Amino acid sequence: MKKCKCESTKYLTSLTNTVIEFLTELDRLMQRPSTIKRGRLIAQISNMLDFHNDQARYFGLGIDYRTDQKRPTHTRSAHEPA
C-alpha cells in the first residue's frame with residue numbers, strides 16, 4: 001500500500017512542478033504584444049498542462065481521464081495505484 005502512495009506522490013509532484021514552469025512561461029508570454037504566434041504558444045501551453053493533468057490523474061490517482069471516474073480495481077495492473 002505504501003508503494004501506491006509513493007507513485008501518487010511522484011505524479012502529483014511532477015504535475016505541480018510542471019504547472020509552476022508553465023505559469024512562469026505564461027507570465028513571460030503575456031508581456032509580449034498580442035499576436036497570432038503568442039496565441040499559438042499560449043494554446044500549446046494549455047494543451048501541455050491538460051496532458052500533464054490527465055497523466056497525474058490517471059497514473060497518480062487512478063482516475064480515467066476519459067470518464068472522470070475512478071477505474072475499477074480489477075482493471076488496474078499491480079504496478080498502478082489503488
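Details
- For region 8-71, applying the loop criterion from DSSP together with a ceiling of 12 other beta carbons within 10 Å to the trypsin sites (Lys or Arg not before Pro) yields ARG66.
- As a length-normalised measure over Cα pairs under 8 Å and 6 or more apart, the relative contact order of region 2-75 settles at 37 percent.
Any read-out appearing in this document is the output of simple, stated calculations on the displayed coordinates, not a laboratory observation. Everything numeric in this text was worked out from a predicted model, so none of it was measured. Because the Cβ atoms are built from the backbone with ideal geometry, glycine has one as well, and the counts that use them run over all protein chains shown.
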